[in-house]
Every structure is written in structure tokens, then in C-alpha cells.
Amino acid sequence: MTVTSKPFFQAAYIAASTQLVYRAEGGTAKVEAATATNTSATDATISVYAVESGGVPGASNQIVSAQRVRPGETYLLPELRGQAFELGDEIYAIASISSAIVMRVSGLEIV
């Protein structure tokens, strides 16, 4: 078994439409840290989904629901920390405003 610390999603803006952030492709993945930073001048929200392989983002797998992030604030996304993702499982996210929320996710990949 090999455990590798790696970024799952490099810091990038989250779109105002649901986007794939990460797919577990090499085995089991465990999120160690996740952040959402509002770089805009207005309040924005972020929603995050933990989707089983073959599923789609929706109310049944939403783990962060319209979390408000104020201008200049970083939200640490504790709902993601410690979550395990099996092969094919995915993380999706959506922001209320494009080019407002920068998200980063990192963790351990166990193969």
C-alpha cells in the first residue's frame, strides 16, 4: 500500500454552475484540507457535493449548502475534512458568483 500526499484540486475559481472538482482515480482518497476564499468585493456562497461513483450532484449528497463567504474571508470547509472517497467517487462544487470563490482541496491518496 502506498500513501501519497497530493493536491486534489489546485487553487482555482469555482464556476456559477456545478463543476467537477475531484475524482478518485487511483484508489481511496482522504481529504486532509479544503479552503474556499472569496476574492471578490461582495458576499458569495459555495455549495459542495460528495458524489458516489456513477451518481450525480444533488440534495442527497450535498455536504455544504450555500455557505456564505464574505469578501476577503477564507472558509475552511470542515465538512470535507476527513471524508474518504473510493475509486470513482467525486467532489463537485458551485459558487453563487463566477470568479469570486477560489477553492483548494488536498489530501492523501491510498493505492
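Using the Cβ of residue 95 as centre and a radius below 15 Å, the other residues enclosed give a net charge of +1, where K and R count +1 and D and E count -1.
Under a GNM of the chain (C-alpha, springs under 10 Å), which listed residue has the highest mean-square fluctuation: 99, 60, 40? So, out of 99, 60, 40, the one fluctuating most is 60. With the alpha-carbon atoms of the stretch 1-64 aligned to their principal axes, the span from lowest to highest coordinate is 45, 26, 15 Å, starting with the largest.
Peptide packing for 102-109, 24-31, 71-78 was compared via the average number of neighbouring C-beta atoms within 10 Å per residue; ordered from the highest value, the list is 102-109, 24-31, 71-78. Considered as an equivalent ellipsoid built on the Cα gyration tensor, the chain has semi-axes of 24, 15, 10 Å, the largest given first.
Read-outs: derived from the displayed coordinates by stated rules, not from any lab. Since we're looking at a predicted model, the values are computed, not measured. For neighbour counting, all protein chains shown are included, and Cβ atoms are generated from backbone atoms with ideal geometry for every residue, glycine included.
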